[in-house]
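Below is one structure, written out as structure tokens, with a few remarks after it.
The values are calculated or read from the model by the stated rules, or taken from the named source; none is laboratory data. All values reported here derive from a predicted model rather than from experimental measurement. We place every Cβ from the backbone using ideal geometry, glycine too, and count neighbours over all the protein chains shown. Heads up: the accessible areas ignore ligands, DNA and RNA and are worked out on the full protein's heavy atoms, side chains in. Shrake-Rupley method; radii C 1.70, N 1.55, O 1.52, S 1.80 Å.
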Amino acid sequence: MSTQANAGSIKIYETKLSGTSNGAELDILPQIAMVSIYESMFTPTMSCELLMEDGIDLHKNFPIIGEERFRISFKTAGIDNIVTMDFDVYETELKKDVPEKKISTYILKAVSPETLVAIKKGQVSNSYNEPIHDIIEDIMRTFVGTNKPIKIERTKGVDTIILPSLYLFQAIEYLMGRAVSAETKNSSFVFYENQHGFHFRTIESLLLTKRDDYGSKEYTYDNSPAMYVKEAAGSKFRNIIVLNKLNVVSTISNMSAGYRNSVNAFDIITKQFERTEFDFTKKANEFISSDKNTTLKNSLKFFADMKNQIDAKGKQIFIPKDSTKTSEFLPTSLGSKMAFSAMFGDSVVLEVLVYGDSSLTVGETIKINTKNIVGTTERPTDEAKLSGMYLIVALRHMISPGADPLHHTAMKLVKMGAT
């Protein structure tokens, strides 16, 4: 008879440390107090921290010299696929001897192997005459040398680019700023790694493809006394244990962030300025929300009422342009790109802690249901502002080995749209 798993249960298959210099290998599970795995849509690679309680002096006997490879394989209860990740150790932090326990405690810091490869390559200069999405794939395959999957969103036009002396991920960041999507309207590109590989995508494309694709990832937060009884029972896999509201829409503070802007492109051939005005109130239908029940259009009255103030604080952007290039799309697209960034920064932002789920990863969507949310006045807040579809923009998997290993996941979530 099979035993029903409790919420947070996890199966750890491998925690192997490999020495790249001496070929040594060791299962370090008995020495690990906690594994933390970090992902972010705004960081090009993943990272890992190992909180160690070491009673066999790995530093001396393995030895640990900052050139090791750490591999972890795990899956949580009810998930079919085993997640396997490799990280390169680069630093030991906060080493402290505890004589009474005959152990040393310290943190091993590690990053995706591609991180150190990119650093070792140093600054790279190269010239291209091709679409930006092809340039980014070439950087990752040729220079970084990754064999992981890369999900690429197509960009418009053919760019003649001479990359100045930049580190590889700096070059990708530079290209993101120039990229204009061939698939979405506002070109809000991000470049990140998650457990499925690397992604060069716009936030819009993630919302369009993921907002109805949450599967069983529907979570409930209820701060009534009954909730804690349920939590104590440990049987509610999709309960939110902790919920913090970081931002519940503050449009005023973002008025000058790009909703209204002017792009002034200086043509280096004709020596003339070409001005492109962007007004959010006229382009709101080009912005999408996190789910079909959340709309951005309800905020148009606010923008109309605040038009004078927004116009007065409108951003002025100056960029170069070459009129001999027929495929230069950035001057007419940059205004929309900045406005989308402002709108995304003005979204509903939550931090939540849930029972671990090894299939959770950044760039995907989950559904949040809130019940009995109570504010500082002890009166229920407007639940519609918190419930809905959220994009996972950052997360931390926290795995605690032991006789009964436990897994929790902390996430930062963003919901485009306020109602």
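Things worth noting here:
- Assigned charges on the beta-carbon of Lys, Arg, Asp, Glu; region 1-159 dipole about Cα centre (debye): 140
- The calculated FRET efficiency for Ile79 paired with Val242, based on their beta-carbon distance and R0 = 30 Å, is about 0.85.
- Linear extension gain, Asn223 paired with Leu353, 0.36 nm per residue minus alpha-carbon span: 45.4 nm
- Ordering of 75-84, 168-177 by packing [mean C-beta count within 10 Å, highest first]: 168-177, 75-84
- Under-5 Å amide H pairs with Tyr221, H placed in peptide plane, nonlocal only: Ile240, Asn369, Thr370, Lys371
- Label point of Lys101 set 7 angstrom out along Cα-Cβ; within region 29-43, amide nitrogens under 13 Å from it belong to 31-34.
- Part-to-part distance (alpha-carbon centres) for region 172-201 and region 64-134, which is given in Å: 23
- These residues, Met46, Met398, go from largest to smallest accessible area, 1.4 Å probe, as Met398, Met46.
- Placing dummy labels 7 Å off each Cα toward the beta-carbon, the span from Lys120 to Leu166 is 2.3 nm.
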